[in-house]
1. Which of the residues spanning the range 121-143 are part of a strand (DSSP E or B) and either free of Cβ contacts under 8 Å to residues at least 60 places away in the same chain or among the aromatic types (F, W, Y) (or both)?
2. Would you check which residues across the range 84-120 are of a type in the set (F, W, Y), assigned to a strand (DSSP E or B) and surrounded by 15 or more Cβ atoms within 10 Å (Cβ to Cβ) and list them?
3. Within the set of pairs 6 or more residues apart or between chains, which connect a residue that is closer than 11 Å to I164 by Cα inside the range 82-96 to a residue that is assigned to a helix (DSSP H, G or I) and of a type in the set (A, V, I, L, M, F, W, C) with Cβ atoms less than 6 Å apart?
4. Considering only residues that are among the hydrophobic types (A, V, I, L, M, F, W, C) and out of contact with any helix residue (DSSP H, G or I) (no Cβ under 8 Å at 6 or more places or on another chain), which ones fall in the range 116-133?
5. Filter the range 129-162 down to residues that are over 16 Å from the mean Cα position of the chain (by Cα) and among the small types (G, A, S) and give me whichever is farthest from F97 (Cα to Cα).
6. Hey, can you tell me all the residues within the range 144-170 that are farther than 12 Å from P129 by Cα and either outside any strand (DSSP E or B) or of a type outside the set (A, V, I, L, M) (or both)?
Amino acid sequence: MNMNMRANGNANETDGYRDRPAWCLIACMTLMLLSLTIKPAVAAPEDEVRATFDRFVAAQNAHDIKAVESLLSSSPNFLWITRGTPIWGRDAALKRFTALYDATWHLDPEPSGLKITMIDEAVAQIYVPIIFTTGAAGQPPQQTRFLMNQMLVKTPDGWKVSSILPIPAPTQ
């Protein structure tokens, strides 16, 4: 009797639902594949670290002590080694930067040499060859190539520089 109803155009109501599981499966698989190809809008930690380093260089080159202060860790264990002398703590570093800003002080990192290593989700190491242009007030500036190493830590206020360790590079 069902055969006659179908032949006469009176199809069983359940026939239209027979393909529904297949369409649901196809729709679910399509959505799953799309979700794998879409990247989240959240920046990767390496991108955040790179942006912090870029702001650090810009603040240094602008001699913007307030901007530099906002990028340095407030920990008393902050360490900057400059000309073989350790500078401990943000306040001491800011005092030294202020003195350097009275003269020639410019950083020119080599972007192609920048390497960021994530030690864990809240600690990063930066390595980048960099040219320092420095000079005492009234003296001609000198350029020196360094291999810059920095450690950054993630805080509730963003990434902060916790150490600055420039190593003089051998002459090329």
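1. Those that are part of a strand (DSSP E or B) and either free of Cβ contacts under 8 Å to residues at least 60 places away in the same chain or among the aromatic types (F, W, Y) (or both): V123, Q125, Y127, P129, I130, I131, F132, T133, T134, G135, Q142, Q143.
2. Residue satisfying the conditions is W105 alone.
3. So the pair list comes out as I87/A93.
4. The answer is I119, A122, V123, I130, I131, F132.
5. G138
6. Hits for the range 144-170 are K154, T155, P156, D157, G158, W159, K160, S162, S163.
Values in this text are rule-based calculations from the coordinates and carry no lab data. None of the values given here were measured: they were computed from a predicted structure. Methodologically, a virtual Cβ is constructed for each residue, glycine included, from the backbone with ideal geometry; neighbour enumeration extends over all protein chains shown.
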